[in-house]
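The values are calculated or read from the model by the stated rules, or taken from the named source; none is laboratory data. Just so you know, these numbers come straight off a predicted model, no measurement behind them. Heads up, the Cβs are rebuilt from the backbone with ideal geometry, glycines too, and the neighbour counts pull from every protein chain shown.
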């Protein structure tokens, strides 16, 4: 037996493999079942985000940012807009900041639900996947309520957000959180002490805190290795410094700790949403008794057509608050007080010459938002870690350079380190815990 | 450390290497010469005064068309030119691109223990003069590996001492470096699969 020749085996996994969510190719060198080397090939979803950003105006980049991390697009919107606002030197009203925090945290929960659910499914726990997708559905309904879209939200604008929170959002949000808590409790009983799940997850894909830092890994992946770095705590932005929340930190840096950290982070995100809903300064959505009963816009038009002005004189029309600039009173709470950045309310655009000029100065080709020459880097805590935007302006209407620091790029570069020494079957849980998002990785 | 203190500390430590420094919107930036990059990076990482344990990002900017964008805002049918809005006035002054060179490699460092960030820029000449080359930081941060490969892929800037400098997002047969300003945005190239 001793003189039999042994050779390493090359096994190609991907680019499209049923046990991997995402288009990536891993060429693994196997000695028996043990992985002795990997070659990771990415770039299958490269769409030239950074090049395209240089060709459109500042607000035109926002739809592209939706397509970076498409599981939590609202965080990308917030990160990009805050970077440009830093470049412009403006700040947004408090209510707008709370709205941004709320939508970011909803997105973080959807991202973690997808990550945990999908990696559980790949280990055979299909029930958990269905439960978690059910919970994600409740949250995406909220996102749909606020932004009008589920995936390609484009909700933030430079200097504000597209529209205020819709009526009934707070109640809907509380209900969705309640449902999500139930799902998490169920999933917890199904997974956390499940022998099969624990055996596959614990001890695999290990990385120490120092190694993770050396790779530039951030987010839940780093925290599972025992380093408590969170942009929301260490470099607080928006109103995170006013909210109470804890940063869960793991100890062993393996797949199981990453699962536990993500589960706890969802709970903390819900805590943040509850506090933000409690503390958010009231907007005009709350009824204003002086203007009387708001009436539907169509009814108002009908009354005006027959000349019944008295019936509508002091009334407010009920318009869809998610419409861009649908109502003037909404504007002062969600948009920065800078006329050269944010579109005026539609009433002003149609109603007076200043509003009309302001509108056209912003939408005309070659005009638009023109930040001063400069460069800024702004990090936010994405679902996978530090999501940074580096924006350079040369004073023109389109960005000179937009660079996004994708959090899962750093984690993917550490993939060989995570896999080598483990069994081939450990590739699936390790890759699942990386939570690779192709749009963000390849841009 | 505040941005100003940080800049002062680095300038004191490297009087030769630091070409310029500024703080804009609270972001501390130092512009250093290419020769001193490794030394500065090692000091930033290992010195107790800086403790920059994270290399957050490596990227580059091609400054060849900076501020040269023509203003398209006129009505071609009438010939009436409309001046675009003036820049929003700025209380802080940004001193402009880091140098007359075409490229700048931009590093973002972060210190977790001391919670400060620093941007380091290394101006580089044009690749045609075989000049766009800078030392690799892979020996100090493992994460620099992929980030530097991406800069090579997108800008054609080479990293001296990189163990595996090949394209990462694009394929090997791709001609040119797309984030250079002279690469047309609508240029198409045939898609070729990876070669084993």
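Listing for the model above:
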{"item": "Filter result for the condition that a residue is in contact (Cβ under 8 Å) with a residue 12 or more places away in the chain, in a helix (DSSP H, G or I) and surrounded by 24 or more Cβ atoms within 10 Å (Cβ to Cβ), over A:52, A:145, A:132, A:82", "result": "A:132"}
{"item": "Any hit, segment A:419-438, residues being in contact (Cβ under 8 Å) with a residue 12 or more places away in the chain and at the interface with chain B (Cβ under 7 Å from one of its Cβ atoms)", "result": "no"}
{"item": "Residue match in segment B:49-57 (condition: modelled with pLDDT of 80 or more, at positive phi and assigned to a loop (DSSP other than H, G, I, E, B))", "result": "yes"}
{"item": "Odd one out for residue A:104 among (1) farther than 30 Å from residue A:17 by Cα; (2) touching a helix residue (DSSP H, G or I) at 6+ places or on another chain (Cβ under 6 Å); (3) modelled with pLDDT under 90; (4) surrounded by 22 or more Cβ atoms within 10 Å (Cβ to Cβ)", "result": "(3)"}
{"item": "Top-ranked residue of segment A:209-225 - restricted to ones that are within 12 Å of chain B (Cβ to nearest Cβ) and not in a helix (DSSP H, G or I), ranked as surrounded by the fewest Cβ atoms within 10 Å (Cβ to Cβ)", "result": "A:215"}
{"item": "Those residues of segment A:237-279 which are within 14 Å of chain B (Cβ to nearest Cβ) and buried (at least 16 other Cβ atoms within 10 Å of the Cβ), in sequence order", "result": "A:237, A:247, A:249"}
{"item": "Residue count, segment A:85-98 (criterion: within 14 Å of chain B (Cβ to nearest Cβ) and in contact with a strand residue (DSSP E or B) (Cβ under 6 Å, 6 or more places away or on another chain))", "result": "2"}
{"item": "Selection status of residue A:90, farther than 30 Å from residue B:153 by Cα, in contact with a helix residue (DSSP H, G or I) (Cβ under 6 Å, 6 or more places away or on another chain) and either crowded, with 24+ Cβ neighbours inside 10 Å or in contact (Cβ under 8 Å) with a residue 12 or more places away in the chain (or both)", "result": "no"}
{"item": "Residues satisfying the stated conditions in segment A:226-236, i.e. more than 8 Å from chain B (Cβ to nearest Cβ) and crowded, with 20+ Cβ neighbours inside 10 Å", "result": "A:230, A:231, A:232"}
{"item": "Test result for residue A:392, without any contact (Cβ under 8 Å) to a residue 40 or more places away in the chain, facing another protein chain (nearest Cβ under 9 Å) and assigned to a strand (DSSP E or B)", "result": "yes"}
{"item": "Hits in segment B:39-70 (condition: in contact (Cβ under 8 Å) with a residue 40 or more places away in the chain and farther than 23 Å from residue A:217 by Cβ)", "result": "B:40, B:49, B:61, B:62, B:63, B:64, B:65"}
{"item": "Conditions (1) touching a strand residue (DSSP E or B) at 6+ places or on another chain (Cβ under 9 Å); (2) more than 25 Å from residue A:415 (Cα to Cα): number failed by residue B:184", "result": "(1)"}
{"item": "Residue within segment A:65-79 that is farther than 26 Å from residue B:184 by Cα, surrounded by 19 or more Cβ atoms within 10 Å (Cβ to Cβ) and within 14 Å of chain B (Cβ to nearest Cβ) present", "result": "yes"}
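Here is a yes/no grid of residues against (1) in contact with a strand residue (DSSP E or B) (Cβ under 7 Å, 6 or more places away or on another chain); (2) closer than 21 Å to residue A:410 by Cβ; (3) outside any strand (DSSP E or B):
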| site | (1), (2), (3) |
| --- | --- |
| B:106 | yes, yes, no |
| B:110 | yes, yes, no |
| B:123 | yes, no, no |
| B:134 | yes, yes, no |
| B:142 | no, yes, yes |
| B:164 | no, yes, yes |
| B:167 | no, yes, yes |
